[in-house]
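The block underneath contains the structure these notes are about, expressed in structure tokens.
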2 protein chains.
Amino acid sequence: MSWELTRADLPDLARGAAFLGTGGGGDPYIGHKLVELALGEGSITILDPDEIADDLFVIPVALMGAPTVMIEKLLAGHEPLTALRHLEAHYGRQADATMPIECGGVNSLIPLLVAAQTGLPVVDADGMGRAFPELSMETFAVYGVNASPIALTAERGEHIILDTGADNKRIEQLARALTVELGGSAAIAEYAMTGADVRRTGVPRTISMALSIGRAIREARAEHRSPFEAIADALAPTLYSHVRELFVGKIVDVERRTEGGFARGRAKLVSADATDTSAFEIDFQNENLVARRDGQLVAIVPDLICVVDQETAEPITTETLRYGQRVRVLGVSTPALMRTPEALDTFGPPAFGLTDAFVPVEELS
Amino acid sequence: MSWELTRADLPDLARGAAFLGTGGGGDPYIGHKLVELALGEGSITILDPDEIADDLFVIPVALMGAPTVMIEKLLAGHEPLTALRHLEAHYGRQADATMPIECGGVNSLIPLLVAAQTGLPVVDADGMGRAFPELSMETFAVYGVNASPIALTAERGEHIILDTGADNKRIEQLARALTVELGGSAAIAEYAMTGADVRRTGVPRTISMALSIGRAIREARAEHRSPFEAIADALAPTLYSHVRELFVGKIVDVERRTEGGFARGRAKLVSADATDTSAFEIDFQNENLVARRDGQLVAIVPDLICVVDQETAEPITTETLRYGQRVRVLGVSTPALMRTPEALDTFGPPAFGLTDAFVPVEELS
């Protein structure tokens with residue numbers, strides 16, 4: 001069902017988006033302040049993907065590059081809206097709605113900012129079903145919607161249209177190189193599609209899901225219930241219905257290195273239970289990619305590996321992981337459309353240089 | 001007067017374009033073979049800039065990056081024409097004519113290739129009046145025509161539109177970064193303008209001039225006359241009327257280094273006359289930039305410093321300079337519109353990091 005999102009929903013949505021960021025995706029809290037400012041006492045119409053017209057023209061918007069840098073620049077600007085307007089001009093057609101390309105991290109908020117600025121509705125779906133580091137890692141791309149043409153805009157008034165046809169990896173390469181030249185971040189509009197395309201290629205209702213995760217955590221804290229049970233309850237009716245506690249413990253080591261513009265590294269944990277001597281490791285590349293206990297796989301991309309505070313369930317990003325943190329690691333199953341062979345080719349283990357085969361988190365002990 | 005260019009003109013035009021390349025601009029000889037193939041027995045209409053309509057819509061085309069790489073790729077492709085078509089689509093208007101942005105080197109041939117493929121006429125003017133290494137080093141830009149929007153295309157079907165408004169330096173930076181990512185070269189269409197703009201901002205009749213230089217050299221050789229007198233005769237009725245022999249001698253040293261994507265270096269020469277002990281040096285950055293005799297300035301950018309074979313007057317590019325070559329160095333004056341303070345800001349000595357002030361070659365001893 002379509003619904004109205006108001007300012008009061010934003011803190012919950014940001015918390016849920018941080019959870020779905022699985023350690024990456026940028027900090028949504030600064031983004032939510034921007035949306036709050038633009039929205040005021042108004043509301044944003046969130047369209048259920050099952051209820052939209054087949055020919056609804058949807059233009060998603062996002063940030064690319066270092067999101068925190070961009071968010072700070074954005075305080076004075078309208079870059080995502082400008083990117084959307086340029087892509088509209090390129091198509092010679094106005095958007096009927098906008099949409100996220102990513103439901104984890106800051107990019108879940110950017111379409112809401114454009115919606116607050118314009119009154120456009122936002123389709124409750126996205127193309128990652130979580131956070132991923134590259135523009136091409138999209139269910140949209142997997143199922144035949146092209147990233148091309150993409151509009152990029154940056155703070156000095158640069159406007160760029162890139163088109164590489166069906167080659168979505170190529171557009172990621174070109175846009176990434178340009179983003180570096182543009183000062184490290186850019187606003188983008190891409191993956192323009194119809195309502196029928198959204199239903200065929202998108203991960204449905206991920207805005208609602210982020211909101212319900214964030215709300216469940218907040219309400220459980222207020223009522224002194226377990227936020228972890230609340231997260232499980234919030235996920236139960238969604239396409240992400242399996243959630244499992246992978247580990248509870250303390251971080252004893254974090255290795256980090258920057259490679260090819262990505263923050264890669266590994267976190268090592270020991271159990272909170274002194275009788276449990278197992279070693280738990282998480283490898284990350286911006287997002288958490290794979291978790292192992294004593295070398296045995298317990299969860300792997302694209303399934304969600306969410307590191308949260310042991311007591312409050314507050315999501316912890318890979319860049320803020322540090323020695324001594326007491327955390328819980330949750331594994332969450334992803335929808336079937338994110339686990340097909342085509343999807344796994346695009347954003348499964350081999351896409352990140354991992355040699356492990358994908359095994360659904362619910363089948364791993 | 002407007003005129004028809006045929007296949008028989010191409011070798012002369014290529015030789016003249018190599019002369020106007022002042023050591024850079026890429027090798028026009030491969031480009032001329034391509035035009036020859038596309039042209040067959042047909043002809044290309046060359047429009048005199050004084051005779052075109054004020055509202056003629058002109059879209060120049062060129063190559064960017066490493067021209068020899070691109071030319072080889074081009075043998076199978078239509079990238080410059082594709083770039084022109086994309087810029088037409090972006091404007092929503094078809095070009096009435098094309099034009100060079102550069103009259104030295106390979107880029108003098110690329111508009112002729114597009115003309116041979118389409119039947120479009122070519123305006124007899126350009127925006128450099130020689131060869132320069134950067135997209136922004138244009139009289140078009142100096143006098144108020146923007147490079148933006150620019151269309152880039154490359155061999156894997158990439159289509160890009162860049163727009164940085166009036167910031168022509170910025171578009172050079174972005175297009176340069178993209179060209180590297182595109183494999184080192186791209187075809188471009190940019191500096192779209194009207195016939196009135198061409199008259200106000202272009203260097204007129206540089207295609208005719210290249211042709212007459214190349215023809216003069218060929219005819220002089222065939223008739224055993226001095227090709228150097230023939231060059232002077234060919235230039236006399238043009239805006240480049242002053243030509244001077246700066247030095248005759250042998251190359252005794254060439255230093256080269258690659259910096260920021262440019263071939264920089266210095267060539268040292270000694271006189272052919274044993275009684276003359278002076279040291280002659282040419283500094284280059286793709287093109288020859290400054291020539292000194294015993295440390296005294298004898299010619300400096302944007303005036304032309306052309307190194308040619310001592311006997312045949314065949315132009316020698318900076319990349320083929322080598323020890324032992326016997327050469328003549330000619331200095332050629334450039335038109336007044338290339339020597340204004342605004343023009344010198346854009347492509348005079350400071351634009352190349354030189355601290356010397358510009359002095360016209362005809363005022364230097």
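Here are the numbers for this structure:
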| quantity | calculated |
| --- | --- |
| Within a Gaussian network of chain A (alpha carbon springs, distance under 10 Å), most fluctuating of A:V332, A:V290, A:V254 | A:V254 |
| Prolate/oblate/rounded label for the protein assembly as shown (Cα gyration tensor, a/c 1.5) | prolate |
| Exposed-loop-free span, longest in chain B, where GluC sites (Glu not before Pro) count as exposed if DSSP calls them loop and at most 15 other C-beta atoms lie within 10 Å | B:42-222 |
| Cα gyration tensor, region A:80-214 - rounded (a/c under 1.5), prolate or oblate | rounded |
| Shortest-first nm distances, B:D233 label point to equivalent points in other copies (7 Å, Cα→Cβ) | 10.0 |
| Inter-copy spacing of B:D48 label points, which lie 7 Å from Cα along Cα→Cβ, given in nm from shortest upward | 7.4 |
| Chymotrypsin sites (Phe, Trp or Tyr not before Pro) restricted to DSSP loop in region A:294-365 with at most 14 other C-beta within 10 Å | A:Y323 |
| Nearest-to-axis residue of chain B, judged by beta-carbon position, where the axis maps B onto A, in Å | B:I161, 2 |
| Estimated distance in nm for a label pair at A:E223 and B:E223, the labels positioned 7 Å out from Cα along Cα-to-Cβ | 10.3 nm |
| Contour excess over end-to-end distance, with Cα ends at B:M1 and B:A89 and 0.36 nm allotted per residue | 28.6 nm |
| Label-reachable residues, region A:321-355, where backbone N falls under 14 Å from a point 7 Å from A:D276's Cα toward its Cβ | A:326-331 |
| For chain A: rounded, prolate or oblate by the Cα gyration tensor [a/c cutoff 1.5] | prolate |
| Longest exposed-site-free window of chain A, the sites being trypsin sites (Lys or Arg not before Pro) in a DSSP loop that have at most 12 other C-beta atoms within 10 Å | A:157-321 |
| Spatially close lysines, pair count over the protein assembly as shown: Cα under 14 Å, gap of eight or more or interchain | 4 |
| Label distances, nm, B:K250 versus same residue in remaining copies, Cβ-directed 7 Å point | 8.1 |
| Distance between region A:261-313 and region A:6-53 - C-alpha centres, whole angstrom | 27 Å |
| Dimensionless Rg ratio for region B:240-353, taking C-alpha atoms and the 2.2 N^0.38 Å reference | 1.05 |
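Each reported figure results from applying straightforward, stated rules to the coordinates on display, with no laboratory input. Quantities reported herein were computed from a predicted structural model and do not represent experimental measurements. In this analysis, Cβ positions are derived from the backbone assuming ideal geometry, glycine residues included, and neighbour counts consider all displayed protein chains.
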